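Since the structure comes first, as structure tokens, the remarks are kept for the end.
The values are calculated or read from the model by the stated rules, or taken from the named source; none is laboratory data. All values reported here derive from a predicted model rather than from experimental measurement. Cβ placement follows ideal geometry from the backbone for every residue including glycine, while neighbour counts extend to all protein chains displayed. Heavy atoms of the whole protein, side chains included, go into the accessibility calculation; ligands, DNA and RNA do not. Shrake-Rupley method; radii C 1.70, N 1.55, O 1.52, S 1.80 Å.
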Protein chains: 2
Amino acid sequence: MADGHAAPTTREHAFDLATAVHGGPTSWTATVDPGWTIGGRPNGGYLLTMATRAALGAIEHPHPLAVSGHFLAPPAVGPAELEVTSLRAGRSLSTARATLAQDGRPLLEALVTTGQLGADGTTGWQRASGPPDMPPPDECLRGQPDLPGGMRINILDHLDVRLDPATAGSFLGRPSGRLELRGWVRFQDGRPPDPLALLQAVDALPPTSFELGISTWAPTVELTVYLRAQPALGWLAVALRGQLWRDGWFDEDAEVWDARGRLVAQARQLAGARPRPS
Amino acid sequence: MADGHAAPTTREHAFDLATAVHGGPTSWTATVDPGWTIGGRPNGGYLLTMATRAALGAIEHPHPLAVSGHFLAPPAVGPAELEVTSLRAGRSLSTARATLAQDGRPLLEALVTTGQLGADGTTGWQRASGPPDMPPPDECLRGQPDLPGGMRINILDHLDVRLDPATAGSFLGRPSGRLELRGWVRFQDGRPPDPLALLQAVDALPPTSFELGISTWAPTVELTVYLRAQPALGWLAVALRGQLWRDGWFDEDAEVWDARGRLVAQARQLAGARPRPS
């Protein structure tokens, strides 16, 4: 890889092992891996990847195009079951529902529409914007798996996250007061990005609610991801931006740009943010 | 109502009759109404409302907070069945899956998370923006149910849509070239807006792909709506904005602002737009 990582091989990377599903094509088993948690809770993008993998194993077309997940309750680390139902098998699109459960209790319900993403898709029109304007990874704040408060961010053992200092005030003791955060993301072990990795990347940065001074866990209610192209090798640039925090809920948009400067994924989530009772 | 409409009554309005569901709490019947179609195809926001109504009849909590729909194929006008499965019954949130089908074939799969929306919710933080800047309804272009090409937009018999002329060039023979459209929306019969009406409002304007000069039907692949507050009486202001049209797919964000200037709904859809073969 251009940035000094070892040449990628397939299926031996931590992300693929941790999101692997077995069995199928409709009933799958998997293991919720302790390595992809934040304070003991599995990351939402990680879980959505697992559900999407199960769906991809049950329906036609190689790539997710649109994935919507409603998060019902945080799974525990350990065995899980996934049940997939095919809803459409079309010429250009297929759709499946995937339910991730433990002990028969549904914890994540996902809808996955698949198709074929171009490696060099034809951009018909694009808004005049571009990748987020931020310093190179080496001049950004490296995400630390051990937070001062004692919380363990295991997922940062696997994800190399670099935050634009201009937006990461909450980690320097002065939250910006805005739902906004920018950063770089790649896998620590050099796994190349692909559409599944984008499902992880949209949920890899800390929640923007940290920048409102709310440092508690921000449980995701809903997360939808649109995949727009196959990403190139290299760092992914992620820009998060929310519009409104009201009644304890906030929205958060994510744009992911690849190393060639192409918009490769768009996501939005609705999540909870309530200040810790004083 | 402040804008001269008759005082609203409940349950006798066209929108409620056309989205009514019968039976329940898990198996429902409904009728896809010819009045809410565009060129014979039922509108996506209309169908999502019907699915949400069925979900609301099966689970706790009065309001939809997050609704995600994957559109599998356009239903025909006529009888339909809805099957609802409860996925979570929580203290503050409930979630259900609703499948709209005809003759046993699934046509729309929706996930609905419900909760309690504030009438006067506490805005903790909001991005410095506001309702779209556009002329008042009387100075906008009124949506016409009969297009010059002969297509019948039945839904405009029920929805009063006024487009900001600055963004509606495609209706004046000069598309703007941007995925952008603004307009006002209300029901023709004076039905007051509520959270269900917002599900309709996010999909009430023409597709922004018209403004790229593509005047063909824009089939929705996925549509997610976040409801942020109960809307006030009066016109709804809708701002549509897309980021990227690539490989025949485009994204379209919708913001809906109520008559008090509050952001009451956010939506995003992924839809298809392909020029007619010449």
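Numbers below:
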| quantity | calculated |
| --- | --- |
| Helical contribution to [θ] at 222 nm, DSSP H n ≥ 4, -39,500 (n - 2.57), averaged over the protein assembly as shown, rounded to 500 | -2500 deg cm²/dmol |
| Carbon + sulfur, % of accessible area of the range A:95-254 - ligands and nucleic acids excluded, 1.4 Å | 50 percent |
| From phi via Karplus (6.51, -1.76, 1.60), per-residue ³J(HN,Hα) for the range A:223-239 in Hz, x at Gly/Pro | 9, 10, 10, 10, 9, 10, 6, 6, x, 6, 4, x, 4, 9, 9, 10, 10 |
| Low-density loop positions, trypsin sites (Lys or Arg not before Pro), the range A:64-161 - DSSP coil, at most 12 other Cβ in 10 Å | A:Arg91 |
| Enclosed volume per residue, in Å³, of the convex hull spanned by Cα atoms of the range B:172-252 | 112 Å³ |
| Cα pair distances of chain B binned at 5 Å [whole percent] | 1, 6, 12, 17, 20, 18, 13, 8, 3, 1, 0, 0 |
| 5 angstrom amide H check on B:Arg228, placed H, neighbours 5+ away | B:Ala265, B:Gln266 |
| Placed amide H near B:Ala273: partners under 5 Å, 5+ positions off or other chain | B:Trp249, B:Phe250 |
| Solvent-accessible surface (1.4 angstrom probe) belonging to A:Met151, in square angstrom, nearest 10 | 70 Å² |
| Rel. contact order, % - alpha carbon contacts under 8 angstrom, at least six apart, chain B | 18 percent |
| Dipole magnitude (debye, nearest 20) for the range A:198-278, charges at Cβ of Lys, Arg, Asp, Glu | 80 debye |
| Inter-copy label distances at A:Arg41 (7 Å, Cα→Cβ; nm, one decimal) | 3.9 |
| Net charge dipole size for chain A [Lys, Arg +1 and Asp, Glu -1 on Cβ; Debye, nearest 20] | 440 debye |
| Cα radius of gyration and Dmax for the range B:107-183 (Å) | 17.4, 48 |
| Highest-MSF residue in chain A out of A:Thr49, A:Thr216, A:Thr167 [GNM, Cα springs under 10 Å] | A:Thr216 |
| Mean separation of Cα contacts under 8 Å, 6 or more apart, over the residue count of the range B:1-114: relative contact order % | 26 percent |
| Amide H within-cut-off set for A:Glu222, under 5 Å, with H built and near neighbours excluded | A:Phe71, A:Leu270 |
| Gyration tensor verdict on the range A:1-118 (Cα atoms; rounded if a/c is under 1.5, prolate if a/b is larger than b/c, oblate otherwise) | oblate |
| Selection of chymotrypsin sites (Phe, Trp or Tyr not before Pro), the range A:27-97, meeting DSSP coil and at most 12 other Cβ within 10 Å | none |
| HN-Hα J in Hz across the range A:63-73 - Karplus 6.51, -1.76, 1.60, θ = phi - 60°, x for Gly and Pro | 10, x, 10, 9, 10, 10, x, 10, 8, 8, 6 |
| Shielding by other protein chains, A:69-82, mean Cβ within 10 Å | 2 |
| Per residue convex hull volume, Cα atoms of the range B:126-276, in Å³ | 112 Å³ |
| Rel. contact order, % - alpha carbon contacts under 8 angstrom, at least six apart, the range B:9-49 | 28 percent |
| Extreme residue, positive dipole direction of the protein assembly as shown, given options A:Leu199, B:Leu82, A:Ala254 (C-beta unit charges) | A:Ala254 |
| Rg/Rh (Cα only; Kirkwood hydrodynamic radius) as it applies to the protein assembly as shown | 0.95 |
